[in-house]
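Structure record follows, encoded as C-alpha cells.
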Amino acid sequence: MGEPKDEREQFEEELIGLDPHDPETKAFAEHLDRMKRQRPGYTVEGYLEGVQDFADSANRTTGHQRLVAVIVVGLILLGVLLTIWFALGDIIAVIF
C-alpha cells in the first residue's frame, strides 16, 4: 500500500511557492488535510471524529459564528435532557 506521506509532500502542488515555516501556510495545510481526510463510515469512531472536528472549528471561530455553534450545542443538549426527562416519566408511570 505504501507509507503515508508527510504533510509537506502530501500537499506539495497546492503549497508551491509558499514558505513552509509560515504559520498561515501550516494552517492552510492542516485545512487541506481535514478536507481530504477519509473517515470510516457508519462507525462510532467516524461519528466521534466528526464531533471533534465540529468542536475544533467552534473553538477557532469568533463572534456570531461562535454564538451559532453554542446555540446548536445547547439545542442538542436540551433535546437530550428532554428525552431523558420523558423517559424517566414513562418509567416511573409504569412502575407505580
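The values are calculated or read from the model by the stated rules, or taken from the named source; none is laboratory data. Every value quoted in this text rests on a predicted model; they were computed, and no experiment measured them. Methodologically, a virtual Cβ is constructed for each residue, glycine included, from the backbone with ideal geometry; neighbour enumeration extends over all protein chains shown.
Among the candidates 79, 17, 63, 50, single out the residue that is at pLDDT 95 or above and not hydrophobic (A, V, I, L, M, F, W, C).
Values: 17 fails: at pLDDT 95 or above; 63 fails: at pLDDT 95 or above; 50 fails: at pLDDT 95 or above.
Exactly one residue qualifies, and that residue is 79.
Taking residue 60 as the residue in question, decide whether it is within 26 Å of residue 71 (Cβ to Cβ) and surrounded by fewer than 12 Cβ atoms within 10 Å (Cβ to Cβ). Quick ask: steps written out before the conclusion?
Values: within 26 Å of residue 71 (Cβ to Cβ): yes; surrounded by fewer than 12 Cβ atoms within 10 Å (Cβ to Cβ): yes.
Criteria met by residue 60.
Would you mention how many residues in the stretch 13-36 are part of a loop (DSSP other than H, G, I, E, B) and either of a type in the set (A, V, I, L, M) or touching a residue at least 12 places away in the same chain (Cβ under 8 Å) (or both)?
In the first step, residues of the stretch 13-36 are kept if they are part of a loop (DSSP other than H, G, I, E, B); the result is 13-22.
Still in the list and also either of a type in the set (A, V, I, L, M) or touching a residue at least 12 places away in the same chain (Cβ under 8 Å) (or both): 14-16, 18, 20.
Qualifying residue count for the region: 5.
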